[in-house]
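The values are calculated or read from the model by the stated rules, or taken from the named source; none is laboratory data. Since this is a predicted model, take the numbers as computed values, not measurements. Neighbour counts run over all protein chains shown; Cβ positions are idealised from the backbone, glycine included.
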Amino acid sequence: MFKHYKETGIYVNDSEENFQALATIKDLFLRDPIKDSVMVNFCVRTTLHLYLTVRKFEKDSEIIFTGFNIPDMVQIVHEHGLKTVPLDLNLETLAPTSIEDFKKLITPKTKVFLVAFIHGIRYDIKPYAEVCKEHGIELIEDVAQSFSGTRLWVGSPEAKLTMFSFGTIKTQTCFGGAVSIVHNDK
């Protein structure tokens, strides 16, 4: 049975089976079910769109992106009236070139730092999280290419939002869908 939410225009299948499936997903992904929430979406792009819709950042606010992402993510940001600012990556490590380069990009308009972990590579984002906290910048992880099972890693605790994708080109696929963790204490 589908329930219609008039505020959003969305229809949701609210059957008992769906709630049980969501409970299982929550058990797999959440470190702290009191502080964190799980969201299941069509894809990471949908999650980003929902996040930006809810946050309602002022027009021309800036989102710093690590320098490698898919064009659709940038397009979504632009469709929300926001600007993207690229942060160069070290080609050997696929991590940002330096924390100093990151700091140089921050302006009073910077609202978000979106880190994309690509090709399964992950790195410590704590130094970036500390700078983000100092400046009131929200940290988001796009880990669409770095999921390696819930027992190994479910994102960085420093992130406000961690987005996983399970599309057909992923190494661990279910032929579509995305799971995101919202860390409510950030």
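Quick notes
- Selection within the stretch 35-51: residues that are within 13 Å of the chain's Cα centre (by Cα) and more than 20 Å from Glu158 (Cβ to Cβ). The member of this set that is modelled with the highest pLDDT is His49.
- For the stretch 94-116, filtering for residues that are β-branched (Val, Ile, Thr), in a strand (DSSP E or B) and within 21 Å of Pro157 (Cβ to Cβ) leaves 2.
- Failed condition for Val85, given (1) of a type in the set (Val, Ile, Thr); (2) farther than 15 Å from Ile140 by Cα; (3) assigned to a strand (DSSP E or B): (2)
- Within the stretch 109-124, the set of residues being in contact with a helix residue (DSSP H, G or I) (Cβ under 9 Å, 6 or more places away or on another chain) and not aromatic (Phe, Trp, Tyr) comprises Thr110, Lys111, Val112, Leu114, Val115, Ala116.
- Any chance Glu62 is more than 18 Å from Arg122 (Cβ to Cβ) and out of contact with any strand residue (DSSP E or B) (no Cβ under 7 Å at 6 or more places or on another chain): no
- Reported count of residues in the stretch 117-130, each being surrounded by fewer than 17 Cβ atoms within 10 Å (Cβ to Cβ), hydrophobic (A, V, I, L, M, F, W, C) and assigned to a helix (DSSP H, G or I), is 0.
Condition check ((1) touching a residue at least 12 places away in the same chain (Cβ under 8 Å); (2) under 18 Å from Met163 (Cβ atoms); (3) exposed (fewer than 14 other Cβ atoms within 10 Å of the Cβ)) across all residues:
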residue: Val77; (1), (2), (3): yes, yes, no
residue: Gly81; (1), (2), (3): yes, no, yes
residue: Thr93; (1), (2), (3): yes, no, yes
residue: Asp101; (1), (2), (3): yes, no, yes
residue: Lys104; (1), (2), (3): no, no, yes
residue: Val112; (1), (2), (3): yes, yes, no
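- Candidates Val154, Val179: the one that is over 11 Å from the mean Cα position of the chain (by Cα) and either under 19 Å from Val85 (Cα atoms) or at pLDDT below 85 (or both) is Val154.
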